[in-house]
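Engineer: Here it is: the structure, laid out below.
Each value in this text was obtained by applying a stated rule to the coordinates, not by laboratory testing. Computed from a prediction, not measured in an experiment: that's the story for all the values here. Positions of Cβ are generated from backbone atoms using ideal geometry, with glycine treated the same way; all protein chains shown enter the neighbour counts.
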Amino acid sequence: MKAQASQQTNPGASEQFTVAQAFDAVKRKLSGYEHRQEQIDLAKLIERSISTGKTGVFEAGTGIGKSLAALVPAALSGKRVVVSTATISLQDQYISKDIPLLQEISPKALNVALLKGRGNYLGLRRWEDFQREQLVDDELSHWASNTDTGDISDLEFVPPWEVWSEINSDSDDCLRNKCPRFNDCFYFESRKAAEKADIIVVNHALLLADAASLGAVLPKYDVLIIDEAHHLNAIATDAFSVGITSRGIRRLATRALKRVHAPQRLIEDIEQDAHQLFHFLNLQLRSFKMRLHHPVEEVQDLINSLNALRAWISEQTFDNLLDVEMEKEKLKLKAKSIISNIDTYLKCLHLVLEPQLDWVTWVERHDASASRMSITSAPLDVSEFIHDLLLERAGLTSAIFMSATLATSGEDPFRFFKQSSGITGGVVQEKFLSPFDYKNKAILYLPKMLPEPNAPDFLNLAANEIERIIEISEGRAFILFTSKYALSTTYDALAPRLPYPAQKQGDMSRQKLIEWFKSTPNAVLFGTSSFWEGVSVDGDQLSCVIIDRIPFQVPDDPVYEARCEQVKQDTERSWFNDLALPHAIMRLKQGVGRLIRTQEDRGMVAILDPRLTKKYYGRRVIECLPPMKVIHNLNDAQRFFDAGK
């Protein structure tokens, strides 16, 4: 965990400071700041949520400035605030842009801390132990000797996972104040800064790790702001899942031998039982991933051998060791860490042996040779986890959920989000449309003549349509796909024919692709999931966003499949209307949102899925998108682009 603390005060400001006065101060501070009534209205509703102790749920379209709208009333409340984001880019925006501005206008000093997961930071004692045991990379050694933060993100290279896992800060291998490097510890320095902070910025994974540990990670806080809240359910599903991998078993065996000198026979039993289990499961696989619907008795041997190792480690007192340099204490911590690892594996294996209705379990093969396999169990519904462990956290008075894409269709557009996030009781909610002039600055092209996406000739015909669109937009386009197969097939067919420079996701890192696109005139970028959101390209460099199909969730995802089955058993609910469609709408809004990022932006969104015009639900989807003029003819698109020249 890391903290970057900063403090700033505005001694000339009055102690009586309202939301409206705060935004007046922002206007005086920023010469290019535009007064946005939507931002002030959002801030006042968030202020009401905080003052009344209610949950706030808000959709704020692009350009409203939701982060500052939340920070201002939260800071004025005088309460300790935790801000959580899903992406590094938004986290950086809070730390480098929005919070420094807030500090400049605030009538009182504000201490701020940026916290990352503990495993991101170097453990000095573990590093020294590691150096004594084996040779180390010179570049890593130089960094470890000179770093001020111990943060792996400051490294210009990525060390092997096997190395970093031996030297990072680890709660299961921590001597706390008995550690000889306690006073220099990067982790505990961050804890001290966080304890003093008024605003703590984290990511969703760390927030949920704190929830799962019943508040052992973060200091107590009063107000929670969850930005990019549409990601919370998926990240919570990962956070509360348990799993076991073939690689993990090998690593466990190595650690048990080296660290606590476990008997060779116990280790051999575990390795043999794991090999037989994964071999058996691999024979059952009809594809690379398969749900386990029924008990798998073959896991019993591995459960027994893991329990045998756990019992042996638990009985060890290590009294035969001379406690030189706390060797006995260190060994007990290593034993504790291994037991914790075993317990996680056992929880997963018991769910394989005795399946539970509220958990979904699947096995996955990660390479052709089946040398890398995994078993994962995930909770079917994380709403109770979020409600009980996060929203009912001791001391929390108000939680604010925000995103540009939370609302779907229906009488209560936030129903799907609230149900999946465990939000109950009194809620202040509102949908704020983007202040950008979509009606005049953007058009939505929906071709009617293409076949449905599952038709065998769809990709070929869609590629031809994309080529015509790119000719009209003169490149300057994102082409967003719902699958890697569709991306690769279309790219291979189109890229050689395009008169404009083209790159696809995977050709280089995401950040380098974005930099390439921004710096290359008339560029065309082919992307999948990671380019549907969190990417902002201002100006006419990006004038066209093409989406191949409505982004319904992949049907072979085990968690989604199980959730659909669960909903189908409820006669009062529809798996399509209550699960599939709301998820697709939220995702589609993210992709569409790549186009208009400033008041001056202008362009076209093209969605090539004819179901938007032919299916009964198409109108519901379109109504959830920004209010763009809908066209069905590329001649109209040509006139639109000509008018903008």
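Engineer: Given the Cα atoms of the chain, and with Rh set as the inverse mean 1/r over their pairs in the Kirkwood sense, what is Rg to Rh to two decimals?
Structural biologist: Reported Rg/Rh, Kirkwood definition of Rh: 0.98.
Engineer: Any chance you could give the angle, 0 to 90 degrees and rounded to 10, that helix 124-133 forms with the longest Cα principal axis of the chain?
Structural biologist: It works out to around 60 degrees.
Engineer: Next question, about the same structure. Work out from phi, with θ = phi - 60° and the Karplus expression 6.51 cos²θ - 1.76 cosθ + 1.60, the ³J(HN,Hα) of each residue of the stretch 549-556, listed in order in whole Hz, and give x for Gly and Pro.
Structural biologist: 7, 4, x, 5, 5, 5, x, 8
Engineer: Determine the distance separating the Cα centre of the stretch 258-309 from the Cα centre of the stretch 528-589; give it in Å without decimals.
Structural biologist: Between the Cα centres of the stretch 258-309 and the stretch 528-589 lies a distance of 36 Å.
Engineer: With the Cα gyration tensor of the stretch 63-154 giving a ≥ b ≥ c as the square roots of its eigenvalues, does the rule (a/c under 1.5 for rounded; else a/b larger than b/c for prolate; else oblate) give rounded, prolate or oblate?
Structural biologist: Cα axes put the stretch 63-154 in the prolate bin.
Engineer: How large is the translational diffusion coefficient of the stretch 484-555 in µm² per second when you combine the Kirkwood radius over alpha carbon pairs with Stokes-Einstein at 37 °C and 0.692 mPa s? Spell out each step's value before the answer.
Structural biologist: Working: Rh = 13.1 Å.
Stokes-Einstein gives a translational diffusion coefficient of 250 µm²/s.
Engineer: Evaluate the distance, in nm, between pseudo-label points positioned 7 Å from the Cα of residue 619 and of residue 89 along their respective Cα→Cβ axes.
Structural biologist: 3.5 nm
Engineer: Right, something else. Per-residue HN-Hα couplings for the stretch 25-35, Karplus 6.51 cos²θ - 1.76 cosθ + 1.60 at θ = phi - 60°, whole Hz, x for Gly and Pro?
Structural biologist: With coefficients 6.51, -1.76 and 1.60, one gets 5, 4, 4, 5, 7, 10, 5, x, 5, 9, 5 Hz.
Engineer: Next up: For a Förster distance of 41 Å, can you work out the FRET efficiency between the beta-carbons of residue 509 and residue 557, rounded to the nearest 0.05?
Structural biologist: Values: r = 26 Å, r/R0 = 0.62.
Efficiency for this residue pair is about 0.95.
Engineer: Please give, to one decimal in nm, the separation of the simple spin-label points placed at residue 109 and residue 354, each 7 Å out from Cα toward the Cβ.
Structural biologist: Going by the 7 Å Cα→Cβ label model, 5.6 nm.
Engineer: A follow-up question, please. Any chance you could give the angle, 0 to 90 degrees and rounded to 10, that helix 300-315 forms with the longest Cα principal axis of the chain?
Structural biologist: Here the helix axis deviates by roughly 60 degrees.
Engineer: Same structure, new question: Amide H neighbours of residue 80 under 5 Å, at least 5 residues apart or on other chains, H built in the peptide plane: list them.
Structural biologist: Amide H to amide H, under 5 Å and 5 or more residues apart or across chains, residue 80 pairs with 222, 223.
Engineer: Given N residues in the stretch 374-490, what is its alpha carbon radius of gyration divided by 2.2 N^0.38 Å?
Structural biologist: 1.57
Engineer: When a/c is below 1.5 the answer is rounded, else prolate if a/b is larger than b/c, else oblate, so apply that to the stretch 122-168 with a ≥ b ≥ c taken from the square roots of the Cα gyration tensor eigenvalues.
Structural biologist: Details: a/c = 1.44, a/b = 1.31, b/c = 1.10.
Since a/c stays below 1.5, the shape of the stretch 122-168 is classed as rounded.
Engineer: Something else about it: In terms of modelled amide H atoms, which long-range or inter-chain residues lie less than 5 Å from the amide H of residue 401?
Structural biologist: Residues meeting the amide H criterion: 56, 57, 58, 226.
Engineer: Mind pulling the angle between the C-alpha long axis of helix 558-568 and the longest principal axis of the chain? Nearest 10 degrees, somewhere in 0 to 90.
Structural biologist: 70 degrees
Engineer: Report the relative contact order of the chain, percent, no decimals, based on alpha-carbon pairs under 8 angstrom and at least 6 residues apart. Present the calculation step by step, with values, prior to reporting the outcome.
Structural biologist: Details: 1076 pairs, mean separation 109.5, N = 645.
Contact order relative to length: 17 percent.
Engineer: Can you tell me what the convex hull of the Cα atoms of the stretch 417-574 projects to on average, as an area in nm²?
Structural biologist: Average of the hull's projected areas for the stretch 417-574 equals 13.1 nm².
Engineer: If you plug each phi of the stretch 156-166 into the Karplus form 6.51 cos²θ - 1.76 cosθ + 1.60 with θ = phi - 60°, what whole-Hz ³J(HN,Hα) values come out, in order, with x for Gly and Pro?
Structural biologist: For the stretch 156-166, the Karplus curve yields 8, 9, 9, x, x, 4, 4, 6, 4, 5, 8 Hz.
Engineer: Each label point is 7 Å from the Cα along the Cα-to-Cβ direction; what then is the distance between the points at residue 48 and residue 195, in nm?
Structural biologist: Label at residue 48, label at residue 195, 3.9 nm between them.
Engineer: Here's something else I'd like to know. Go through 28-41, 289-302, 267-280 and give me the packing order, highest mean Cβ count within 10 Å leading.
Structural biologist: On the way: 28-41: 12.9, 289-302: 16.2, 267-280: 17.9.
In descending order of packing, they fall as 267-280, 289-302, 28-41.
Engineer: Tell me which residues come under 5 Å, amide H to amide H, from residue 380 once H is placed; ignore anything under 5 positions away on its chain.
Structural biologist: Amide H to amide H, under 5 Å and 5 or more residues apart or across chains, residue 380 pairs with 359, 360.
Engineer: May I pose another question? Let's test the formula: R0 of 60 Å, r as the Cβ-Cβ distance of residue 183 and residue 569. What FRET efficiency results, to the nearest 0.05?
Structural biologist: The formula returns an efficiency of 0.55 here.
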